[in-house]
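Each reported figure results from applying straightforward, stated rules to the coordinates on display, with no laboratory input. Not measured: the values here are computed from a predicted model. Here Cβ is always computed from backbone atoms with ideal geometry, including for glycine, and neighbour counts include all displayed protein chains.
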Amino acid sequence: MSVRRWLTAALSVVVVAGAAAPASAAEPAWRLASIPQSTATSNLWDVAAVDARNAWAVGFEGYHPDQQGTSGDPMMLRWNGIRWSRTSLPVVQGRVSFQRVAASSATDVWVTGSPWSSDGNVTLVWRYNGRTWTEVPYPPGATPGTLSIRDLSVVDGHAWLVGHHGNTPVFHEWTGSSWREHQPPAECVTGGGFLNFCTINAVKAFAPDDVWAAGNGMWNGYSGPVLFHWNGTDWQVVHTGLNQQPLTLQSLDGTSSRDIWVVGDGGGMGSGNVVLRGDGTTWQTVSGLNTPATQSVAVGANGVPWVVGRFPQASFNSHGPAGWTTTPAPAPPGSFGTTYNAIAAVPGTNRLIAVGYADLPGTTPLLLQAVIAEYATR
């Protein structure tokens, strides 16, 4: 064989071998996202995503602890598939903090907020149709009172607001043209000489007739975490076998009603936690999560749940065949640490988004800076 033919054959082998060698796939990881600069104190309370190109994060900025009631402006960031940027805001009167955001599509986004200067709990609601924001009148929250709205979920044009009014749970549904208040389960209503109560912290709507809510309650013979289910006709208490447990359910999520994850903790009254997994009918406790505060949970398209932990440091906790894996949450360089308030899965992907704040060093009083962390490949 000539030298030229030998070199040609050798190079062909090298090229083929190089083409056949698989490139190492990048592993997904939690990283801080690049977001527009905000004015301290700033904080992102909530996040919602509808697909890989549309997500919203809401909160406030420009709040100063020494100027309570006269400082603080609403803050909203939008993800377009490439970057986070500021986006158009609803028209607001006075100082307002955005608190919750939920969406069923890029043309059906809902936000709740509350004025800084209110003497009681006032909930304001806005809806985005893909072009403009419109305030949705919400009479139950129009005046200060004991009504507390804790969470928001949207599906097929129906929005659900849940919370509590004193000791009574609140379930408000936007039917497409007006608000409808639904009666709570009988267990939550005072009667028979026993002071019953239920509080609601979280809601997840899979369909207009398939909505789940979570919190805690107490009535004759029961005290502890409580799940509720709306079947299109009424709200019913779902029994999970957690009677006499000093815990409250804080968050729930899932890919459908056949695979739901619910997390809870002591609500500031203890160091325990609880994680439930259900198929809509039966429920099992998932043990081993090592955090006393379960702030929020989100479930990716692969069915893996991620739970936001707060103590002893901010963490993201996922569950797989080997049990729980804890990942320290990313923090900006030089900060004293981070707190993440909410987490959301991006539908159709295994990407997740968490929002919260970092403690800024060297500020008196201590100021905060909004942060976003993302779980994705780079």
How large is ³J(HN,Hα) for each residue in segment 65-79, as worked out from phi by the Karplus curve 6.51 cos²θ - 1.76 cosθ + 1.60 (θ = phi - 60°), to whole Hz, x for Gly and Pro?
x, 7, 10, 4, x, 10, 9, x, 10, x, 9, 9, 10, 10, 9
With the Cα gyration tensor of segment 28-376 giving a ≥ b ≥ c as the square roots of its eigenvalues, does the rule (a/c under 1.5 for rounded; else a/b larger than b/c for prolate; else oblate) give rounded, prolate or oblate?
rounded
Once amide hydrogens are built 1.01 Å from N within the peptide plane, the residues lying 5 or more places from Gly163 or on another chain with amide H under 5 Å from its amide H are Arg150, Val170, Ile200
Distance between modelled label sites at Gln93 and Thr282, nm, 7 Å Cα→Cβ extension
5.5 nm
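From Cα pairs below 8 angstrom and at least 6 apart in sequence, can you work out the relative contact order of the chain, rounded to a whole percent? Before the final figure, lay out each step's value.
Working: 1013 pairs, mean separation 49.7, N = 378.
It rounds to 13 percent for the chain.
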Rounded to whole Hz, the Karplus (6.51, -1.76, 1.60) HN-Hα couplings of segment 364-370, x for glycine and proline
9, x, 4, 10, 10, 10, 4
Using the per-residue mean of other Cβ atoms lying within 10 Å as a proxy for protection, in what order, highest first, do the peptides 31-40, 298-307 fall?
298-307, 31-40
Tell me the angle of helix 3-20 to the major Cα principal axis of the chain, expressed in degrees between 0 and 90 and rounded to the nearest ten.
10 degrees
So what's the net charge close to His158: Lys and Arg +1, Asp and Glu -1, counting the other residues with Cβ under 13 Å from its Cβ?
-2
Could you list which residues have their amide H under 5 Å from that of Ser251, counting only those 5 or more apart in sequence or on another chain, with H placed in the peptide plane?
Val263
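What does the helix-only formula give at 222 nm for the chain: each DSSP H stretch with n ≥ 4 adding -39500 (n - 2.57), the total divided by the residues, and the result rounded to the nearest 500 deg cm²/dmol?
Details: 1 runs with 18 residues, N = 378.
Calculated at 222 nm, the ellipticity per residue is -1500 deg cm²/dmol.
Could you please rank Arg78, Arg131, placing first whichever residue has the fewest other Cβ atoms within 10 Å of its Cβ? Please list the in-between numbers first.
Details: Arg78 17, Arg131 7.
Lowest to highest Cβ neighbour count: Arg131, Arg78.
Could you give the length gained on full extension between Gln68 and Glu181, defined as 0.36 nm per residue of separation minus the Cα-Cα distance, in nm?
Details: separation 113, 0.36 × 113 = 40.68 nm, distance 3.29 nm.
Difference between extended and current length: 37.4 nm.
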